[in-house]
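The values are calculated or read from the model by the stated rules, or taken from the named source; none is laboratory data. What you see is a predicted model; the values in this text were computed from it and never measured. Methodologically, a virtual Cβ is constructed for each residue, glycine included, from the backbone with ideal geometry; neighbour enumeration extends over all protein chains shown. Protein only, heavy atoms only, side chains kept; ligands, DNA and RNA dropped before computing areas. Shrake-Rupley method; radii C 1.70, N 1.55, O 1.52, S 1.80 Å.
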Amino acid sequence: MAFSILGTGSAVPAKVVTNADLSVFLDTNDEWISTRTGISERRVLTAESLTDLAAAAAERALAAANVHAAELDFILWTTLRGDQLFPSLSSRASGRSGASCPALDVNAACSGFLFALDVARAYFAAGLAKRMLIVCAEAMSRLVDWTDRSTAVLFGDAAGAVVLGPGEGPLALRLTTMCNEEWLVADVPSGNSPFAPYSPGSFVKMNGREVFKFAVSSIEKDIRLLCEQAGVSPEEVDLYLLHQANLRIIEAARERLNLPPERFPTNIQRYGNTSSATIPLLLDELARAGKIQNGQLLFFSAFGAGLATGSCLLRWEAYNKKEESA
Ligand SMILES: CC(C)(COP(=O)(O)OP(=O)(O)OC[C@H]1O[C@@H](n2cnc3c(N)ncnc32)[C@H](O)[C@@H]1OP(=O)(O)O)[C@@H](O)C(=O)NCCC(=O)NCCS
């Protein structure tokens with residue numbers, strides 16, 4: 001027994017920042033950003049906290065799944081950094097959601113959603129949970145250098161969530177982690193220990209070209225591998241929800257597999273790269289718009305700092321499971 005997705009939710013900050021807004025204080029322009037990345041605008045936290053955003057996404061997913069917070073057995077909150085180092089985002093946002101079950105922060109960078117799905121799969125398989133919640137919440141606007149045009153234009157803030165119940169959704173799931181401290185990194189500041197050298201920390205630093213090449217080949221490899229493991233062909237997968245980091249990455253992976261563009265929905269145009277939140281945010285948009293049918297095959301694939309990657313092929317069985325459990 002593994003899981004099925006019973007409901008989805010998401011939340012984004014109210015503040016919209018367009019490419020034109022960025023060109024006021026950065027040496028950039030709409031033409032460069034949209035042709036090189038596909039991004040037109042992103043959302044940025046202003047008055048809201050990340051906890052607000054995470055709790056709102058959780059509430060919407062719970063309502064969609066018709067599950068009460070008190071029924072949850074475990075919550076995984078994925079984030080690069082919560083509002084405070086401690087208490088964790090888990091403690092703060094769980095409290096806001098009215099849940100009292102154990103909860104854990106997961107940091108697997110942009111692949112956090114897939115790592116959380118794998119942990120959830122193990123909980124369901126071990127019979128340790130009947131209802132779980134995963135919330136991916138990211139405040140990238142706090143991690144990028146707003147004077148660096150090569151990174152600031154790429155990211156945005158958002159939260160996406162899924163409620164899980166017992167089911168047979170995942171057909172194949174694969175995670176990888178390798179140590180690469182050069183291509184995508186943000187350093188934390190050191191403390192003021194008199195016994196160690198001081199370092200001020202850094203915003204996001206990235207070698208975009210290397211990450212681009214790595215991303216395209218890891219997505220292609222995972223699609224071929226997981227489809228083979230599950231005994232389906234890539235042509236049989238109805239929708240590919242890929243990490244929304246760059247439209248050209250998605251396009252390059254799609255071309256390598258020679259698959260039709262309509263199988264690769266995107267919303268990077270409106271949100272940019274929201275790290276671990278991109279896939280659940282896109283999933284929620286599609287589910288709410290009625291664009292996913294029961295029984296369809298979905299493929300999630302993400303990559304990011306670490307380098308860590310995660311992919312999952314699953315059968316969408318959200319709403320029939322919800323009816324069964326009602
Ligand atoms: C970052 C990325 C968009 C850069 O696109 P690219 O086509 O590789 O562009 P390059 O880095 O080669 O830069 C090309 C030129 O554009 C310039 N440039 C970079 N950012 C710019 C911006 N925002 N506006 C205008 N010009 C910009 C560069 O300075 C460079 O100028 P030069 O030729 O005079 O040196 C692309 O490499 C990418 O998306 N990589 C993957 C990043 C990613 O996914 N990260 C998240 C992982 S979770």
Cα centre as origin, Lys/Arg/Asp/Glu Cβ charges: segment 1-133 dipole, Debye
380 debye
Which percentage, to the nearest 5, of the DSSP beta bridges contained in the chain is antiparallel?
75 percent
Let me know the charge dipole size of segment 78-189 about its Cα centre in debye, to the nearest 20, where only the beta-carbon of Lys, Arg (+1) and Asp, Glu (-1) is charged.
540 debye
If the only charges are +1 at each Lys and Arg Cβ and -1 at each Asp and Glu Cβ, what is the size of the charge dipole of the chain around the Cα centre, to the nearest 20 debye?
180 debye
For the chain, what's the relative contact order in percent, using C-alpha pairs closer than 8 Å and at least 6 residues apart?
26 percent
For SER193 and HIS68, calculate 0.36 nm times their separation in residues minus their Cα-Cα distance, and state this gained length in nm to one decimal.
40.5 nm
In a GNM of the chain with a 10 Å cut-off on Cα contacts, which of GLN244, GLN269, GLN229 has the highest mean-square fluctuation?
GLN229
Apply 1/(1 + (r/R0)^6) to the Cβ-Cβ distance of PHE203 and ARG256, taking R0 = 35 Å, and write down the FRET efficiency to the nearest 0.05.
0.60
Projected onto the charge dipole of the chain (unit charges on the beta-carbon of Lys, Arg, Asp and Glu, signs +1, +1, -1, -1), the Cα from LEU247, LEU89, SER150 with the largest positive-side position is that of LEU89
For segment 111-173, what's the relative contact order in percent, using C-alpha pairs closer than 8 Å and at least 6 residues apart?
36 percent
Taking 0.36 nm per residue of sequence separation and subtracting the Cα-Cα distance, how much length would be gained by fully extending the chain between SER217 and TRP146, in nm to one decimal?
22.6 nm
Along the positive direction of the dipole of segment 97-209 (beta-carbon charges: Lys, Arg +1; Asp, Glu -1; about the Cα centre), which of ALA129, SER111, SER202 reaches farthest?
ALA129
Considering the chain, what Rg and Dmax in Å follow from its alpha-carbon atoms?
19.0, 61
Kindly write out, for segment 184-200 in residue order, the coupling ³J(HN,Hα) from the Karplus curve 6.51 cos²θ - 1.76 cosθ + 1.60 (θ = phi - 60°), rounded to whole Hz, with x marking Gly and Pro.
8, 8, 9, 8, 7, x, 6, x, 10, 4, x, 9, 9, x, 8, 9, x
3J(HN,Hα) from dihedral phi, segment 274-288, Karplus parametrisation 6.51/-1.76/1.60, rounded to Hz, x for glycine, proline:
9, 6, 5, 7, 4, 6, x, 5, 5, 4, 5, 4, 5, 5, 5
Probe radius 1.4 Å, ligands and nucleic acids ignored: give me the carbon and sulfur share of the accessible area of segment 247-316 as a rounded percent.
44 percent
Please find, in a Gaussian network model of the chain (springs between Cα atoms separated by less than 10 Å), the residue of LEU154, LEU133, LEU26 whose mean-square fluctuation is greatest.
LEU26
Under Karplus coefficients 6.51, -1.76 and 1.60, residue-wise ³J(HN,Hα) of segment 109-116 in Hz, glycine/proline x:
6, 5, 8, x, 4, 5, 5, 5
Carbon/sulfur fraction of accessible area - segment 138-245, other protein chains in place, 1.4 Å, %:
55 percent
Accessible area per residue, Å², the chain with all protein chains present, probe 1.4 Å
43 Å²
